[in-house]
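See below for the structure under consideration.
The values are calculated or read from the model by the stated rules, or taken from the named source; none is laboratory data. As the structure is a prediction and not an experimental result, all values here were calculated from the model. We place every Cβ from the backbone using ideal geometry, glycine too, and count neighbours over all the protein chains shown.
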Amino acid sequence: MDMDMWLSTQDGSGQLTPDGYTNVDTFSTPDDLESGGWSPTDDPFMKYSEDPPALIAVLGVTGSGKTTFVNLASRSHLKFILDGRRVVLIDTPGFDDTHMSDTDVLKSIAAFLGESYSAGAKLAGVIYVHRISDDKFGGLAVKNFRMFRELCGEKTLKNVILMTNMWGRVNPQLGAAREQQLRDEHFKTAIDKGAQVHRHNNTPESARAILREVLKNQPIVLKIQRELIDERKDIGQTGAGAELNREIRELVEKHEREMRELEENMRKAMEEKDEESKEELLEEKKRMEERLGKLQKDSAEMQSKFEGARREMEERINTRFEAQMSRIQAGYEAELRKYEERVKELERDGRENASQIATLKKTMAELRKKAADVKRCIVM
Ligand SMILES: Nc1nc2c(ncn2[C@@H]2O[C@H](COP(=O)(O)OP(=O)(O)O)[C@@H](O)[C@H]2O)c(=O)[nH]1
Ligand SMILES: [Mg+2]
């Protein structure tokens, strides 16, 4: 699998660099997000101080420059400290990845976002990357941007940065004209609801300026996070899941239409005894059938994949929850034992401590109740 969604470790010695980063000792962590190896609650980086780390997700078409930006902004560490703030950059695969189906891409992004939210980690913002060097906002851009909008929802757009890059590959005037067109068309509704457009010129300074812009934000809960955790929807029932479903259905229909046209042309070629065209059309038909088969398979597998992802996510959440609760329960029990000791001591000392003993016993009863409540949580 390509390493699009991952986090690496950080090393260094705790000193502040002139550009605002702090080098810190290794935060050891498994590095493969996609396999569920990284969990926000088990990672010491997340507990480094009381102030929760800022999670920033980076989305966009495959090849738009997400990984390059993430590496530049984080100095290849992905988890880092900038201006004293802990930051985690989340690199994602695009909805058009060559190695992963769109269903798998959504599955992995959704599971990660759901799990982080249930662990109490919120996002400081989302960066959507778009190449200004693209001469049009093509089909893949439209699809990725739609999925992005569905994942984020409307209310979180003020924490969204629409980042244009690859300015070096386009004449500046043309780039500026395209930028204006994006503002007027594809990005318009997002901008109207608070999204900001930023240029990135592929330098560390430019990447840091964008991070600092995101870090000003109040943390948010994305639409998909609310849907998965608060509303307990399946991935397929979320806005993003429904959008993907629609995209796939549309493509299947388009391919089926094209297939019928091909067959019609083949029939004509046969009537006209045009062997060459017939051969070509046969080839084309075979390719089309393959594409259609793949899409139909993806569509059919979608539901079961999404259900599997939900189950796995819940299992991971539960396991962590149980561990957390067990720790809390053990804490109460340890405290209770201390109280018991104290009561015994006071009882040995004589009757004049009766009121003190009564108070302690009341606290003990409360602690026992708390421990029992926590235990009930675990059993459920
Ligand atoms: N000129 C230019 N090239 C870039 C920029 N960002 C990425 N690239 C190149 O674009 C290609 C795809 O980038 P990558 O980060 O892998 O895209 P991803 O698929 O979105 O992660 C690579 O060859 C990068 O070197 C940029 O800001 N400017
Ligand atoms: Mg990448």
Considering region 204-231, residues that are assigned to a helix (DSSP H, G or I) and over 22 Å from T67 (Cα atoms), and then whichever is farthest from the chain's Cα centre (by Cα), we arrive at D230
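Table: residues versus (1) β-branched (V, I, T); (2) in contact with a helix residue (DSSP H, G or I) (Cβ under 6 Å, 6 or more places away or on another chain); (3) under 30 Å from A111 (Cα atoms); (4) loosely packed, with under 13 Cβ neighbours inside 10 Å.
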{"site": "L228", "(1), (2), (3), (4)": "no, yes, yes, no"}
{"site": "H255", "(1), (2), (3), (4)": "no, yes, no, no"}
{"site": "E258", "(1), (2), (3), (4)": "no, no, no, no"}
{"site": "L262", "(1), (2), (3), (4)": "no, yes, no, no"}
{"site": "M266", "(1), (2), (3), (4)": "no, yes, no, no"}
{"site": "E280", "(1), (2), (3), (4)": "no, no, no, no"}
Does I161 satisfy being in contact (Cβ under 8 Å) with a residue 24 or more places away in the chain and part of a strand (DSSP E or B)?
-> yes
Selection status of R85, under 25 Å from G168 (Cα atoms), surrounded by fewer than 22 Cβ atoms within 10 Å (Cβ to Cβ), assigned by TED's automatic domain parsing to the domain that holds R149 and away from ligand 1 (no atom under 12 Å from the Cβ) | no
Given (1) assigned to a loop (DSSP other than H, G, I, E, B); (2) away from ligand 2 (no atom under 14 Å from the Cβ); (3) surrounded by 23 or more Cβ atoms within 10 Å (Cβ to Cβ), D134 misses just (3)
Given the structure, is M302 of a type outside the set (D, E, K, R), modelled with pLDDT of 85 or more and within 28 Å of the chain's Cα centre (by Cα)?
-> yes
Can you name the residue in region 66-77 that is more than 13 Å from R208 (Cα to Cα) and crowded, with 22+ Cβ neighbours inside 10 Å and, of all such residues, is farthest from ligand 2 (Cβ to nearest atom)?
-> H77
Mind checking which residues of region 106-152 are over 30 Å from N171 (Cβ atoms) and among the aliphatic types (A, V, I, L, M)?
-> L106, I109, A110, A111, L113, A119, A121, L123, A124, M147, L151
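Table: residues versus (1) touching a residue at least 24 places away in the same chain (Cβ under 8 Å); (2) surrounded by fewer than 24 Cβ atoms within 10 Å (Cβ to Cβ); (3) away from ligand 1 (no atom under 14 Å from the Cβ).
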{"residue": "A110", "(1), (2), (3)": "yes, no, yes"}
{"residue": "E115", "(1), (2), (3)": "yes, no, yes"}
{"residue": "A119", "(1), (2), (3)": "yes, yes, yes"}
{"residue": "G138", "(1), (2), (3)": "no, yes, yes"}
{"residue": "E150", "(1), (2), (3)": "yes, yes, yes"}
{"residue": "W167", "(1), (2), (3)": "yes, yes, no"}
{"residue": "R178", "(1), (2), (3)": "yes, yes, yes"}
Which is at pLDDT 90 or above and assigned to a helix (DSSP H, G or I), of K344, K294, K338, K369?
-> K338
Tally of residues being assigned to a loop (DSSP other than H, G, I, E, B) and not hydroxyl-bearing (S, T, Y) across region 58-99 | 14
Identify, from the list V126, V105, V61, the residue that is buried (at least 22 other Cβ atoms within 10 Å of the Cβ), closer than 24 Å to E231 by Cα and within 13 Å of ligand 2 (Cβ to nearest atom).
-> V105
Restricting region 322-346 to residues that are without any contact (Cβ under 8 Å) to a residue 24 or more places away in the chain and under 27 Å from S116 (Cα atoms), the one nearest to the chain's Cα centre (by Cα) turns out to be A323
If S64 satisfies every condition in (1) within 16 Å of ligand 1 (Cβ to nearest atom); (2) at pLDDT below 90; (3) of a type in the set (S, T, Y) but one, which is the exception?
-> (2)
Boolean, E352 is in a helix (DSSP H, G or I) and under 30 Å from I317 (Cα atoms) = no
Among T92, T98, T156, which is the only one that is in contact (Cβ under 8 Å) with a residue 24 or more places away in the chain and either more than 16 Å from ligand 2 (Cβ to nearest atom) or not assigned by TED's automatic domain parsing to the domain that holds Q218 (or both)?
-> T156
Of the numbered conditions (1) in contact with a helix residue (DSSP H, G or I) (Cβ under 6 Å, 6 or more places away or on another chain); (2) charged (D, E, K, R); (3) not in a helix (DSSP H, G or I), K285 satisfies every one except a single condition; which is it?
-> (3)
